[in-house]
Amino acid sequence: VVLMESGGGLVQPGGSMRLSCLASGSIWSFYYLGWYRQAPGKQRELVADITRSGTTRYADAVKGRFTISRDNDKRMVYLQMDSLKPEDTAVYYCTAGVGADPNDWGQGLEVTVAS
């Protein structure tokens, strides 16, 4: 499946942003959909993922601030990011996987949190 992200850019600290990801094919077979990020000079890390049944998992750094959701009919997965911090600056990747480890990755979106 090809994953196409949208919604990145520049946002001020404390602001909000929603990332969207459209899958080119059916995402029903992908049990996990998720978002990873890679900050400059750091390793890629899981931000959040969601199972087909709606069970979510979040990195400790984003719990309470980010919300992941999916719409299987529209072939979309979303990441609502609130109370953004400069340390959230990274390239964000949409992912899809049969298991917890992603099988497919999007191209990546730059998100910059700065005043």
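The values are calculated or read from the model by the stated rules, or taken from the named source; none is laboratory data. Owing to the predicted nature of the structure, the values given are computational and were not obtained by experimental measurement. With ideal geometry, Cβ positions are generated from the backbone for all residues, glycine too; neighbour counts draw on all protein chains shown. In case anyone asks, the SASA skips ligands and DNA or RNA and just uses the protein heavy atoms, side chains included. Shrake-Rupley method; radii C 1.70, N 1.55, O 1.52, S 1.80 Å.
Hey, can you tell me all the residues within region 70-86 that are of a type outside the set (Phe, Trp, Tyr), under 17 Å from Gly9 (Cβ atoms) and either open to solvent by less than 40 Å² (accessible area, probe 1.4 Å) or in a strand (DSSP E or B) (or both)?
Passing the criteria: Leu79, Gln80, Met81, Leu84.
Given the options Thr89, Thr67, Thr55, Thr95, name the one that is surrounded by fewer than 16 Cβ atoms within 10 Å (Cβ to Cβ) and β-branched (Val, Ile, Thr).
Of the residues listed, the single one that is surrounded by fewer than 16 Cβ atoms within 10 Å (Cβ to Cβ) and β-branched (Val, Ile, Thr) is Thr55.
Going through Gly64, Gly54 one at a time, which residue ends up being farther than 21 Å from Val11 by Cβ and outside any strand (DSSP E or B)? Show your work before the answer.
On the way: Gly64 fails: farther than 21 Å from Val11 by Cβ.
When all the criteria are applied, what remains is Gly54.
Regarding Leu46, is this residue in a strand (DSSP E or B) and more than 18 Å from Ser6 (Cβ to Cβ)?
yes
If you check Ser69 against the conditions, is it farther than 15 Å from Tyr31 by Cβ and either of a type in the set (Asp, Glu) or touching a strand residue (DSSP E or B) at 6+ places or on another chain (Cβ under 9 Å) (or both)?
yes
Can you tell me which residue in region 98-111 is most open to solvent (accessible area, probe 1.4 Å), limited to those that are more than 12 Å from Leu19 (Cβ to Cβ) and in contact with a Gly (Cβ under 7 Å, 6 or more places away or on another chain)?
Ranking the candidates gives Asn103 first.
How many residues does region 1-47 hold that are of a type in the set (Val, Ile, Thr), under 25 Å from Asn72 (Cβ atoms) and at pLDDT 95 or above?
We begin by selecting, within region 1-47, every residue of a type in the set (Val, Ile, Thr); these are 1-2, 11, 27, 47.
If we keep only those that are under 25 Å from Asn72 (Cβ atoms) as well, we get 1-2, 27, 47.
If we keep only those that are at pLDDT 95 or above as well, we get 47.
Adding up the residues that qualify gives 1.
Considering each of Thr95, Thr56, Thr51, Thr67 in turn, give the residue that is of a type outside the set (A, V, I, L, M, F, W, C) and touching a Pro at 6+ places or on another chain (Cβ under 6 Å).
None of the others qualify; the one that does is Thr95.
Those residues that are over 20 Å from Asn103 (Cα atoms) and either without any contact (Cβ under 8 Å) to a residue 40 or more places away in the chain or assigned to a strand (DSSP E or B) (or both), I need them from region 20-39; list them, please.
Correct list: empty.
From (1) open to solvent by 40 Å² or more (accessible area, probe 1.4 Å); (2) touching a Ser or Thr at 6+ places or on another chain (Cβ under 9 Å); (3) closer than 26 Å to Ala114 by Cβ, pick out the condition that doesn't hold for Gly34.
So the condition that Gly34 fails would be (1).
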